[in-house]
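Data first, discussion second: the structure below is written as structure tokens.
The values are calculated or read from the model by the stated rules, or taken from the named source; none is laboratory data. What you see is a predicted model; the values in this text were computed from it and never measured. No Cβ is skipped: glycine too gets one built from the backbone with ideal geometry, and neighbour counts run over all protein chains shown.
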């Protein structure tokens, strides 16, 4: 998949373009993306980074990093992705200027987007305008509660299984493995400690069953209250894994929230609780 930052970085082609931020690439997004994939032209995505709302001072916790978003789009079979840097200059373009300088310049003939898609200065452009400008518009109805904001609310409540239904896959956290306190190794349960990208949503604190690197994993999202911690950390114990992950990017699926984090009366009680977390992780079912 070719990833470009400017339309002139794309080779000339007649394209069917799915347009949107596509944070999370959830089931609602998939309908828009499928409409472009099935249009019969070279399939492409036009997406934005950073999130448009963040440019106007609204903090947005992202469901996926740009890197992960691109991986998911590539897995769907898109030939090209144009990542448009969203800034004040882009936001100031009229809808017609945006259509000419981005969409036509990228070779777009077919445009697939959600029914409520708006663009251009003051969000004054819509799909009807694109149709009047001569594009073949594939209008995709919104899908119930399939929205990134709804998924954010579910994850903030720790409802990872419900979030998976809307995403069409398990929710994820990702980061670079860094050195931690090494307490897990001393207890017999070594963990990969993740340094998460700034702005990435972190689900509710607690202990989760999930997976990473094709292995089941027991995951802690919390402050380690047993040791009096205050800093939020994400740690994953990969079951039956023996290796060095330091410095590697790790994508961790969350399948099931097992329990709240807790402080215990003894270290043995902590070890017993982790062992039970591991047992339940082995029995957990990946949400469809």
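The table below lists the values:
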item: Qualifying position, being under 16 Å from the mean Cα position of the chain (by Cα) and surrounded by fewer than 16 Cβ atoms within 10 Å (Cβ to Cβ), among 156, 131; result: 156
item: Selection count, the range 240-267, where residues are outside any loop (DSSP other than H, G, I, E, B) and modelled with pLDDT of 95 or more; result: 11
item: Unique match (being under 27 Å from residue 150 (Cα atoms) and touching a helix residue (DSSP H, G or I) at 6+ places or on another chain (Cβ under 8 Å)) among 257, 232; result: 257
item: Hits in the range 260-284 - residues which are in contact with a helix residue (DSSP H, G or I) (Cβ under 7 Å, 6 or more places away or on another chain) and either under 19 Å from residue 203 (Cα atoms) or not assigned by TED's automatic domain parsing to the domain that holds residue 227 (or both); result: 261, 262
item: Single unsatisfied condition, residue 85 versus (1) surrounded by 15 or more Cβ atoms within 10 Å (Cβ to Cβ); (2) touching a strand residue (DSSP E or B) at 6+ places or on another chain (Cβ under 9 Å); (3) modelled with pLDDT of 95 or more; result: (1)
item: Filter result for residue 214 (within 19 Å of the chain's Cα centre (by Cα) and loosely packed, with under 12 Cβ neighbours inside 10 Å); result: yes
item: Total residues in the range 203-249, condition free of Cβ contacts under 8 Å to residues at least 40 places away in the same chain and more than 17 Å from residue 270 (Cα to Cα); result: 11
item: Meets criteria (crowded, with 16+ Cβ neighbours inside 10 Å, touching a strand residue (DSSP E or B) at 6+ places or on another chain (Cβ under 7 Å) and within 25 Å of residue 236 (Cα to Cα)) for residue 172; result: yes
item: Residue within the range 227-235 that is farther than 21 Å from residue 62 by Cα and modelled with pLDDT of 95 or more present; result: no
item: Helices (runs of 4 or more DSSP H) wholly inside the range 97-191 that include at least 2 residues being within 30 Å of residue 278 (Cα to Cα) and modelled with pLDDT of 95 or more; result: 148-156, 160-167
item: Test result for residue 224, more than 11 Å from residue 261 (Cβ to Cβ) and in contact with a strand residue (DSSP E or B) (Cβ under 7 Å, 6 or more places away or on another chain); result: no
item: Candidate set from the range 192-211 (those that are touching a helix residue (DSSP H, G or I) at 6+ places or on another chain (Cβ under 7 Å) and assigned to a loop (DSSP other than H, G, I, E, B)); member that is surrounded by the most Cβ atoms within 10 Å (Cβ to Cβ); result: 203
